[in-house]
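These notes are about the structure you will find just below.
The values are calculated or read from the model by the stated rules, or taken from the named source; none is laboratory data. Keep in mind that what you see is a predicted model, and the values were worked out from it rather than measured. A quick note on method: Cβ atoms are made from the backbone with ideal geometry, for glycine too, and the neighbour counts reach across all protein chains shown. Quick note on the areas: whole protein, heavy atoms, side chains included, nothing else; ligands and nucleic acids left out. Shrake-Rupley method; radii C 1.70, N 1.55, O 1.52, S 1.80 Å.
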Amino acid sequence: MNLPNKLTMFRVILIPFFVLFMLVDITTVDKWIALAIFIVASLTDLLDGKIARKYNLVTNFGKFMDPLADKLLVCSALICLVELAKLPAWMVIVIIAREFIISGFRLIASDNGVVIAASYWGKFKTTFQMVMICLLIADIAAIGIITNVIVWIALILTVVSLIDYLVKNKDIMKETK
């Protein structure tokens with residue numbers, strides 16, 4: 001268990017604590033604790049990949065768990081935001097559906113010996129989704145318009161990145177074996 005894999009597992013361990021502070025009224029600063037946990041978890045996502053690539057610590061465990069941990073964190077946050085009526089369910093369905101579709105494409109590609117690298121659209125999508133989640137958790141009325149714009153940008157980037165993946169990888173669905 002190298003450092004990047006430990007960071008990935010740490011991110012997974014943080015998720016129940018994040019959800020707890022998001023949904024249970026424990027203290028007067030729950031949302032700020034949840035926000036801090038989300039930011040720390042998001043930073044471990046940034047760090048584990050950089051460390052793994054820089055020090056040649058890429059493992060099969062990391063290749064499997066890192067994207068799974070990311071999806072668990074983001075989906076948990078989005079579902080909590082629906083529960084708290086801060087985000088409409090249909091938007092979350094679009095975002096989660098995109099993740100399932102891309103995961104399916106990657107699985108088929110992997111079965112055919114093809115690796116689908118993350119695109120710039122996917123990276124922009126992830127960045128905007130993380131910022132969107134942070135802004136929605138913070139729920140600062142003075143920047144409500146900015147938050148709404150970021151939500152819509154994140155949603156648009158979700159759809160654009162999906163279309164980009166589908167167009168660039170349309171041959172994946174063809175039998176190659």
The stretch 1-133: relative contact order in percent, alpha carbon pairs under 8 Å with at least 6 residues between: 27
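Under 15 Å from the Cβ of Thr8, count the other residues' Cβ atoms, weight Lys and Arg +1, Asp and Glu -1, and hand me the total.
On the way: positive: Lys6, Arg11, Lys50, Arg53, Lys63, Lys71; negative: Asp45, Asp48, Asp66, Asp70.
Neighbourhood net charge equals +2.
Within the accessible area of the chain, what % is carbon and sulfur when the probe is 1.4 Å and the other protein chains stay in place?
72
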Shape category assigned to the stretch 110-150 from the gyration tensor of Cα positions, a/c cut at 1.5: prolate
Net charge contributed by nearby residues that have their C-beta within less than 12 Å of Ile102 (K/R +1, D/E -1): +2
By average C-beta atoms within 10 angstrom, highest first, the peptides 84-94, 41-51: 41-51, 84-94
Cα centre as origin, Lys/Arg/Asp/Glu Cβ charges: the stretch 1-83 dipole, Debye: 440
Linear extension gain, Ala138 paired with Asn56, 0.36 nm per residue minus alpha-carbon span: 25.8 nm
Per-pair calculated FRET efficiency, R0 = 22 Å: Ser103 and Ile163 via Cβ, rounded to 0.05: 0.85
Zero-based 5 Å bins, Cα pair distances in the chain, whole percents: 1, 8, 16, 18, 19, 16, 11, 6, 3, 1, 0, 0
Magnitude of the charge dipole, the chain, Cβ model with Lys/Arg +1 and Asp/Glu -1, debye to 20: 560
Descending Cα extents along the principal axes, the stretch 76-177, whole Å: 55, 24, 16
Kirkwood Rh and Cα Rg combined as Rg over Rh, evaluated for the stretch 16-67: 1.17
